[in-house]
Amino acid sequence: MKKIFILTGEPSGDRLASKVISQLKNSRSDIEYLSVGGEHLKTLGIKSIYDLKEVTYLGFTKVLMNIFKIKSKINETVKEILKFKPDILFSVDSPDFTLRVAKEVKKKDPSIKTIHFVAPQVWVWREHRVKQLKSFLDHILLLFPFEKKYFDKEDIQSTFVGHPLLEDHSKSKVDISQIIKDNKKIFSIFPGSRLSEINVLIPILFEFVKKMNEKYKDLFFVFHSTSEHVQLMQNLLLKEELKNCGAIGDEKIKSHILKSSMFAVAKSGTISLEICNAKIPSIIIYKMGIINFFIVKMLVKVKFANIINIAANEEVIPELLQSKCNPTNIYNTVDKLLSDKHAMEKQITKTQGIISNFKTEKSSEIASSVLLNHLL
């Protein structure tokens, strides 16, 4: 029986991996799996060797503070992978963790094929990493077409597969009447999947919602969380006694609510692509520790945080980062857009043109076919 070890480092990677592996399971039933994964891989019946939270660190300072734990976890993970003896190590995103593991695994057992999904953002910073990847990666799967030139230049096998989260195969209908009451319009809020992000952004977002409630009486604010953090979110909402608010963690319901939303405020990240794909106008927010911010500012080569804006080389979606990420600025930016239907329509039109370049007919199928080819 063939074996695949799936290696992720955070919830978004777990979700991406599950899309590909779900497709692979439909094609082949004779493959054994083991992982470092989260709730999405778990729903596919794939065991994780430890809790994903143990390797999810955000920012340079967090990494530095936990450097010995991370090194220990890398060593433990390498040991477990070698013990499992997979035909393929399928690593997904979180390059500072997953690629370090892949490098060590390849060094210790060159017979294990190493395939990585979600290229390190070398077009943003640290382009020199591309040369290093050649020594231990057999294949890399790309989300965006413009990434391919970086890997072709170094003769690294790569395939543009597109973004699996832009696929939409959902046919099921979900009753959201118990969540959204009084026929209110849905306003979606995405504060992030990591606890460190939630802790920073939630106080800001709560104050923003209070401001919105003063003017907009017909809105219901839905905080999108993970199943792991949804109870925390609900408790925080109860404590704050916010009106017209709710929190959800179920993926199917979240997807349906997003598609039914009239606007979204989201933490910078993959979710922005899903919002654009659903044709929902939005703004992007983010805030990190001051030390992390200055390090990033010194290293990055691009003007924007959001992939849509980076691809367009202009601010198609408003970005409120660091000091600009405060309740008043968020309210003013949202209020201005909600008052200008033409501006919202223009944003949607532009984003549709951009994300069309990130789509393929069957992203998960293309990615799974690469894995299958390496199993032959």
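Its DSSP H runs of at least 4 residues, each contributing -39,500 (n - 2.57), put the calculated 222 nm mean residue ellipticity of the chain at -14000 deg cm²/dmol, to the nearest 500.
Remark: Phe304, Phe68, Phe144 ranked as Phe68, Phe144, Phe304, counting other beta-carbon atoms within 10 Å and listing the fewest first.
Shown for the chain is the translational diffusion coefficient from the Stokes-Einstein equation, using the Kirkwood radius over Cα pairs, a temperature of 25 °C and a viscosity of 0.890 mPa s: 113 µm²/s. In order along the stretch 94-106, the Karplus-derived 3J(HN,Hα) couplings, from 6.51 cos²θ - 1.76 cosθ + 1.60 at θ = phi - 60°, round to 6, x, 5, 9, 5, 6, 5, 5, 4, 4, 5, 4, 5 Hz, and Gly and Pro are given as x.
For the pair His128 and Asn75 in one chain, pulling the backbone fully straight at 0.36 nm per residue adds 16.6 nm over the alpha carbon distance. Distance cut-off 25 Å, Cα to Cα: go down the list Lys73/Lys107; Lys25/Lys108; Lys211/Lys341; Lys108/Lys134 and report the pairs above it. Correct reply: Lys25/Lys108.
From least to most packed, judged by other beta carbons within 10 angstrom and beginning with the fewest, Ser260, Ser225, Ser72 follow the order Ser72, Ser260, Ser225.
Dipole orientation for the stretch 185-357: of the candidates Asn235, Ile253, Thr351, Thr351 has the Cα lying most toward the positive pole (charges on Cβ; Lys, Arg +1; Asp, Glu -1). Taking Glu104, Glu251, Glu241 in turn, the Gaussian network model of the chain (Cα-Cα springs below 10 Å) assigns the largest fluctuation to Glu241. By the equivalent-ellipsoid construction on the alpha carbon gyration tensor, the stretch 234-376 comes out with semi-axes of 28, 21, 19 Å, ordered largest to smallest. Across Gly353, Gly246, Gly192, mean-square fluctuation computed from a Gaussian network of the chain (C-alpha pairs under 10 Å connected) peaks at Gly353. Estimated from the Cβ-Cβ distance and a Förster radius of 41 angstrom, the FRET efficiency linking Lys211 and Thr43 is about 0.60. Please work out, to two decimal places, the log10 of the ratio I(q)/I(0) at q = 0.12, 0.29 Å⁻¹ from a Debye calculation in which every Cα of the stretch 317-376 carries one identical scatterer. Cα-only, vacuum Debye calculation for the stretch 317-376: -0.55, -1.10. Computed packing ranks the peptides 361-373, 205-217, 5-17 as 5-17, 361-373, 205-217, most packed first, by mean other Cβ atoms within 10 Å.
The modelled label-to-label distance for the pair Lys279/Lys303, using points 7 Å beyond Cα in the direction of Cβ, is 2.9 nm. On C-alpha positions alone, give me the angle between the axis of helix 195-215 and the longest principal axis of the chain, in degrees, nearest 10. That works out to roughly 20 degrees. Charged side chains reduced to their Cβ positions (Lys and Arg at +1, Asp and Glu at -1) give the stretch 185-357 a dipole of some 220 debye around its Cα centre. For the stretch 184-222 and the stretch 258-273, write down the distance between their C-alpha centroids in whole Å. Computed from Cα coordinates, the inter-centre distance equals 12 Å. Roughly how tilted is helix 341-355, in degrees to the nearest 10 and between 0 and 90, from the longest Cα axis of the chain? For helix 341-355, the angle is close to 10 degrees. Taking Cα atoms only, the orientation of helix 290-299 departs from the longest principal axis of the chain by about 60 degrees. Residues whose amide H lies under 5 Å from that of Lys267, counting only those 5 or more places away or on a different chain, are Phe190, Gly192, Ile285; hydrogens are built 1.01 Å from N in the peptide plane.
A short reminder: the numbers here are calculations on the coordinates, not readings from a lab. Computed from a predicted model, the values in this text were never measured in an experiment. As a convention, Cβ positions derive from the backbone with ideal geometry for all residues, glycine included, and neighbour counts pool all protein chains shown.
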